[in-house]
DNA sequence: CGGGTTTCTGCGTTTTTTTGCCGGATTTTG
DNA sequence: CAAAATCCGGCAAAAAAACGCAGAAACCCG
């Protein structure tokens, strides 16, 4: 088994179960605990997980591990949220993924907006619930404690049944060559389904995550209708994407 | 159980109940009191809680002396929760409804319990998510904002597919003649489905709600396996229910 | 193709961490 | 004041981590 492959597996396990033991992994993958430890060390260096004595934990355990004021790059995410909200009009069916950018959008929805929001992200759902005029449809299935969304075949099947007007994706990595990519297999499956079920696909991302990529591909760039970042639409960084036929806001 | 995991659990408990006892934690997590004490010491060093003789207090407890949340009859609900938890063992599939009594139960689940919890109640799901060893299955559908649970045909269909070992119902009204009753049509449909899908049906209710009824019937008394109140099992108020063949705890 | 270099992995040894336990000191409680 | 509960410090065993090393595989480059 290749190193990268192994690390991807470890990461998947952490995201799924919220914790892993070095000894368990060593047995599962049939490599020495030293190797596992070295893998965990590297993954911890990259910030993908938290290494502790005896194994590793997912980030969701240390909730206050992020910058103390809360969400990373929050002011940028607010800008993005504002632009995204302009795309929503009354009566629409809106699919959303998880992630802090989406959460920021959920918080900023104008109170008079009447629409139906569909999501499997628990934090997002909590925000939608507080909104006076929004109908909320929750996608059910097994909950991934790490990403706080529902994942699994049931969830995917349910999304496939939907025909949404618009779909907002919090994006982890976007790149001209690889399209949108992620590091969690389950999340990838969900997002793929969401894209297929929506008339219009909107990617929300902070500029920092642009032109980077991760192991698993969600889709090529041509599936994306609109790209929203905190930058002005004419920023040179966005030019290649506009040239690729994507509406850039 | 990993050290960090344990400390996260302790912190969660402190923030939830505003106090913890070393002895209780030691029993719950199955480690020596010495270990608990050392954990408390470390957490206190980090300023996460205040260590006192015999246990620890939450920081917020000092600042505001009356933050005790507004749940009605909470101490009674804790008693009920404790009795209910004794019915759950490792590996079980557990269906739960919504309601503050169920929520209290969710909060009090011992950390070493490994089980699968299935629910459409958002607040309950949030608690289950914090638990280190519980798998959470979320029932999806349209969210009823006022009861904070998912309701609708999809949810009912999904519950019907389940075969749970046990089902806990937060009960609004129970009565010898009318059985269990409710005032929300959607909730009634859900609870009916839950009863049908479970081997064992447990009703949780505070004594105050006993011998009252509401407009819509969920089921007759004979569908109920067990009734749990804050009263001792031999309380005369409970006699008629025991006589009706219900196990009373 | 071949030789040198880098990377990866496993093994033995040493070091550190974690945890439970014990005896004596300290605090709490009735 | 006395009994019970709790705390503290030290100790020891077990588990895990760190370290250095060496063989094997992969890679690079002329």
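Assorted remarks:
- For region B:38-58 versus region A:158-226, the gap between their alpha-carbon centres in whole angstrom: 44 Å
- Beta-bridge orientation, chain B: approximately 40 percent antiparallel, per DSSP, counting only bridges with both partners inside.
- Considering every alpha-carbon pair of the protein assembly as shown, the percent of pairs per 20 Å bin, from zero through the bin containing the longest distance, is 21, 51, 26, 2.
- Taking region A:189-237 and dividing mean pair separation by its residue count, relative contact order in percent (alpha carbons under 8 Å, at least six apart): 48 percent
- Peptide B:139-150 has a mean of 5 when you count, residue by residue, the C-beta atoms of other protein chains within 10 Å of its C-beta.
- Sequence of A:167, B:203, A:219 once ranked by neighbouring C-beta atoms within 10 Å, starting from the fewest: A:219, A:167, B:203
- Judged by the ratio a/c of the largest to the smallest principal axis of the C-alpha gyration tensor, region A:157-249 counts as oblate, that ratio being 1.5 or greater while a/b is no larger than b/c.
- Summed over qualifying helices (DSSP H, 4 residues or more, each -39500 (n - 2.57)) and divided by its residue number, the protein assembly as shown shows a 222 nm mean residue ellipticity of -11000 deg cm²/dmol.
- Comparing mean-square fluctuations of A:12, A:59, A:30 from a GNM of chain A with C-alpha springs under 10 Å, the top value falls on A:30.
- Site pair residue A:1 and residue B:44 shows an inter-label distance of 4.3 nm when each label is modelled 7 Å from Cα along Cα→Cβ.
- For chain A, built as a Gaussian network whose Cα springs stay under 10 Å, the top-fluctuating residue of A:90, A:133, A:76: A:90
- Choice from B:200, B:145, B:223 showing the highest fluctuation, given a GNM over chain B with Cα pairs closer than 10 Å: B:145
- Distances from residue B:16 to itself in the other copies, using label points 7 Å out along the Cα-Cβ axis, amount to 2.6 nm in increasing order.
- Placing a label point 7 Å from Cα along the Cα-to-Cβ axis, residue B:245 is separated from the same position in the other copies by 6.9 nm, shortest listed first.
- Distances in nm from residue B:44 to the matching label points in the other copies, shortest first (labels 7 Å along Cα to Cβ): 2.7
- Euclidean distance of C-alpha centroids, region A:98-142 and region B:78-93, integer Å: 32 Å
- Rounded to the nearest 5, the antiparallel percentage of DSSP beta bridges internal to region A:138-206 is 50%.
- If you wrap the tightest convex hull around every Cα atom of chain A and split its volume per residue, you get 126 Å³.
- Each distinct pair of alpha carbons in region A:1-140 adds a 1/r term; the inverse of their mean, the Kirkwood radius, is 17.5 Å.
Where a number appears in this text, it was derived from the coordinates with a stated rule and is not lab data. If you're wondering where the values come from, they're calculated on a predicted model, not measured in any experiment. When we count neighbours, we look across all protein chains shown, and the Cβ atoms used for this are built from the backbone with ideal geometry, even at glycine.
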